[in-house]
Amino acid sequence: MGDSSIETTGGAGAFGAGGDSTPTERELRDRLETTWAGARDGLWDWDVAADLLRLSPRWKEIVGYGPDEIPDRSEEWFRRVHPRDLDEFKRSLDALLAGRSPELRSEFRMLHKDGSWRWILCHGSKHGGRELVAGSITDVTGLKQRENEVLIAAFHDPLTGLPNRRLFLDRLQSSLTRQQARGTRPLAVLHLDLDRFHTVNDSLGVDAGDELLVEVTQRITSLLRLGDTLARVGGDKFAILLDGVANLEEATGFADEVVAMLRRPLRVAGTEVFASGSLGIALSHEGEERPEDLLRNALTAMHLAKEDGATPWEVFDPGMNEEARERMLLETDLYQATKNGEFLLHYQPIIDFRTGELAAFEALVRWQHPDRGLIRPDLFVSIAEDTGLILPMGNWVLREACRQMREWRDRYPASSNVRVAVNLSARQLEDTDLVAEVEAALADTGLDPDGLDLEVTESSLMARTRENKATLHALRDLGIKLHIDDFGTGYSSLAHLQSFPVDCLKVDRSFVNGMEFEEGKAEIVRTVLALARTLGMEVVAEGIETEAALEMLRSLECEHGQGYFFSSPLDGESAAAWLDRPPRW
Ligand code: C2E
Ligand code: MG
Ligand code: MG
C-alpha cells in the first residue's frame, strides 16, 4: 500500500450513513450509537475506498479536544502521530488492508492539545471484503510510565541511580560487539570494592553508608568520558567500563585516579571519613570475551589486589583464574574434610637453649586429601578462615594436640614436662566460645594447663585489642602460656604489647633465616630480644636452619629455638621417638 491509500479526507462514517432499516436494525444502531458515544476507548471507523473517516467524541477527548474541535479527517489523525512512530503505524495499517495481517495492533505517541505526548494503543480490524476498517484507541500513557519505571527499577540501583549489574553487562555486550565488528580499541573493565565499608555502616549508621556511596558515585562519575559506564554491582562494589583505551597504561592510570580521588577526605553524617578501595582491571581482546567473563576476571584481579595489599589495583592475567578455580575446588573439599576427619597433626620440636632439651612441640595441622595427598596449611588455613571452617577445624586441632600430649606424658614419664603449642587464628580469638572450649579440651583430655601453649599472631592480636586483652587474661587464668607468633611481621603497639599477658615472643623466621649473613636481620633479632627482656617475656627463634644461626642466637642469650636445623615437623610416630630417646643439643 502506498501512503495515498490512507491519506483521505473525511466525511460521514460508515456507521453514520443513513438508509432504511428494520426496527431490529434500528435497535442495533441505537445500541451502537450508545457505545460510540459512551465507550471508554475512543472509537473510529474508516471506509478507505470512499475515504470516509469518523472519530468518536471520546477519541477526540483522549487528545484533549471537544467533539467539534477536530474535523473527521484522516490527516488530522496522522499529523498528530509522533514522527518517529508514524511509519510503523502506517505499515501496520497497510498490512491489515492488504490482508497480510488479520488485525491491527499498534502503539504510538499522539500529540495532546496541551502539548504533551500521549501513548496510544490502537486496535482495528477489517470488515467484509470492503476496505472498511474500524477500531478503538486507548490512552496507555500511565501504563507506559509504569512500564518505564519498572524497566528503570529493573536496570538501575535506586540509591545511586547508577545502572545495575544487568544493565552494565548489557552495555558491555554492545561495546564488545562493536569492538569485534569494527576492530576498535580494547575495552577496559574495572571492578572496584571499597575497603572497610562495613565499618562506616557499623559505626556511623546505614544512612552514613548510603551517603558515602552517593559521594563516591559522584566522584567517579566526574572522571568518566562520554561512552564510559559506571555501575553499582553490589553493596560496596562498582564496575566501570572504559569504552576504548589506547593501552593498559591508560586503564591503570584511570585506576590510579580513582584511588587518589577516593583518598580525598569526605564528610558523611558530619564526620570526616577517608575511603579507599581495591580495583581489578581486565582488558578485552578483539571483543571475543563474554561480558560475564570480563567482569569476573576484573573481580578475580580485585580480590588479589585486596589480598596482597601492596598495590591498590591488579591487572588480570589468565593464571589468576587458575588460582581462583583451585581455591574454589579446595573450598568445596574442605567442607568434606571437616566432616570426614581428614586432618592430622605434625609436631615440630622447640628446643630450650639453656638446658639443650626438648621444651615443646608445635602442633601443625596437615590435611590428608583423598586425591591430592598431604596438603600444607598455607594452602588451606586461609580458606578455612574465610569460610568459618576454622572454628570446627581449630577446635579439633586443640583437642587432638591436648589428647596426644597427655598420652605422651603418660607413656614417657621422663618427658612429662614437655608442652604442646597450638596455633590460634584470628577468627578463633574472636570466638566468644574460645575460653570455654580450651577449658573443656583440657578437662576432657586430662592435660595439665601447664602442658599447653597457645600461639596467636601479632597481627590478629593487635586487631581488636580491648576484646583480645580480656580473652588472653581469661586464658592465662586457666594456667596456659601465651605466645605471639610471627613477631615482627605485624605492627605492634608497644603500649598494648606491654599490657597483654603474654609469656613469649616468637621471632618470625624471615628475620632468623639468614641472620648470620645479613646484619639488618641480626639487628632486628637483637632488638626483639631486648624488647622481650624489657617486657619480661621470653623469645623463641623460628626458622633456624644452620649451626651458625644457632650459635649467634645462643650468644645473644635467646631462650628457645625451632627450625629445620633441629628437625622439620614430625608425624606422631617420629615425635614419639624423640620423647622416647630425647636428644640433647
Ligand atoms: P607458624 O605457626 O609460624 O609455623 C611455623 C612454620 O614454619 C611451619 O610451617 C613450619 O613447618 C615452618 N618451619 C619450621 N622450621 C622452619 C625452617 O627452619 N625453615 C623454614 N623455611 N620453615 C620452617 P607450616 O607447618 O607449613 O605452617 C605454616 C603456618 O600455618 C603456621 O605458621 C601457622 O601460622 C599456620 N598453621 C599451622 N597449623 C595451624 C593450626 O593448627 N591452626 C592455625 N590456625 N594455623 C596453623
Ligand atoms: Mg605457630
Ligand atoms: Mg610463626
Query raised in the report: Mind checking which residues of the stretch 534-550 are surrounded by fewer than 20 Cβ atoms within 10 Å (Cβ to Cβ) and among the aliphatic types (A, V, I, L, M)?
Result: Leu535, Ala548
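Results for (1) aromatic (Phe, Trp, Tyr); (2) open to solvent by 30 Å² or more (accessible area, probe 1.4 Å), shown as yes or no for each residue.
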{"position": "Asp453", "(1), (2)": "no, no"}
{"position": "Ala470", "(1), (2)": "no, yes"}
{"position": "Asp477", "(1), (2)": "no, yes"}
{"position": "Lys481", "(1), (2)": "no, yes"}
{"position": "Asp486", "(1), (2)": "no, yes"}
{"position": "Ser493", "(1), (2)": "no, yes"}
{"position": "Leu497", "(1), (2)": "no, no"}
{"position": "Phe500", "(1), (2)": "yes, no"}
{"position": "Phe511", "(1), (2)": "yes, yes"}
Report task. Tell me, yes or no, whether the stretch 378-398 has at least one residue that is open to solvent by 10 Å² or more (accessible area, probe 1.4 Å) and touching a residue at least 60 places away in the same chain (Cβ under 8 Å). Result -> no
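Looking at the stretch 400-413, is at least one residue in a loop (DSSP other than H, G, I, E, B) and open to solvent by 40 Å² or more (accessible area, probe 1.4 Å)?
No: zero hits.
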Query raised in the report: Which of the residues spanning the stretch 95-132 are open to solvent by less than 40 Å² (accessible area, probe 1.4 Å) and either over 28 Å from Glu69 (Cβ atoms) or part of a helix (DSSP H, G or I) (or both)?
Result: Ala95, Leu96, Leu97, Ser101
Report summary line: Subset of the stretch 426-444, residues within 16 Å of ligand 1 (Cβ to nearest atom) and open to solvent by 10 Å² or more (accessible area, probe 1.4 Å), comes to Ala426, Arg427, Gln428, Glu430, Asp431, Asp433, Glu437
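Condition (residue is within 23 Å of Arg146 (Cα to Cα) and without any contact (Cβ under 8 Å) to a residue 60 or more places away in the chain) applied to the stretch 63-71: is it met by at least one residue?
Among the residues of the stretch 63-71, at least one is within 23 Å of Arg146 (Cα to Cα) and without any contact (Cβ under 8 Å) to a residue 60 or more places away in the chain, which makes the answer yes.
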Requested in this report: For the stretch 42-82, name all the residues that are modelled with pLDDT under 90 and within 17 Å of Phe108 (Cα to Cα).
Outcome: Ser74, Glu75, Glu76
Report task. Return only the number of the condition from (1) of a type in the set (S, T, N, Q); (2) within 15 Å of ligand 1 (Cβ to nearest atom); (3) surrounded by fewer than 14 Cβ atoms within 10 Å (Cβ to Cβ) that Ser555 does not satisfy. Result -> (2)
Query - Top-ranked residue in the stretch 341-365 [being within 16 Å of ligand 3 (Cβ to nearest atom) and aromatic (Phe, Trp, Tyr); ranked as nearest to Ser415 (Cα to Cα)] - result: Phe361
Report task. Collect the residues in the stretch 37-58 that are touching a Ser or Thr at 6+ places or on another chain (Cβ under 8 Å) and either among the β-branched types (Val, Ile, Thr) or open to solvent by less than 20 Å² (accessible area, probe 1.4 Å) (or both), keeping them in residue-number order. Result -> Gly42, Trp44, Trp46, Val48, Leu53
Query raised in the report: Taking Asp293, is it open to solvent by less than 70 Å² (accessible area, probe 1.4 Å), away from ligand 2 (no atom under 16 Å from the Cβ), in a helix (DSSP H, G or I) and assigned by TED's automatic domain parsing to the domain that holds Thr184?
Result: yes
**Report entry** Matching option when the condition is within 16 Å of ligand 3 (Cβ to nearest atom), at negative phi, touching an Asp or Glu at 6+ places or on another chain (Cβ under 9 Å) and not acidic (Asp, Glu), among Ala463, Ala426
**Finding:** Ala426
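Tell me yes or no: at least one residue of the stretch 562-572 is open to solvent by 20 Å² or more (accessible area, probe 1.4 Å) and under 21 Å from Ser425 (Cβ atoms).
Yes, some residue in the stretch 562-572 is open to solvent by 20 Å² or more (accessible area, probe 1.4 Å) and under 21 Å from Ser425 (Cβ atoms).
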Query raised in the report: Applying the selection to the stretch 454-474, what residues are within 15 Å of ligand 1 (Cβ to nearest atom), outside any strand (DSSP E or B) and in contact with a strand residue (DSSP E or B) (Cβ under 7 Å, 6 or more places away or on another chain)?
Result: Glu458, Leu461
Query - Among (1) in the same structural domain as Phe254 (by TED's automatic domain parsing); (2) closer than 30 Å to Ser276 by Cα, the one test that Thr177 misses - result: (2)
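The values are calculated or read from the model by the stated rules, or taken from the named source; none is laboratory data. Remember, predicted model here, so these are calculated numbers, not experimental data. Here the Cβ is made from the backbone with ideal geometry for all residues, glycine too, and neighbour counts use every protein chain on show. With ligands, DNA and RNA removed, areas are computed over all heavy atoms of the protein, side chains included. Shrake-Rupley method; radii C 1.70, N 1.55, O 1.52, S 1.80 Å.
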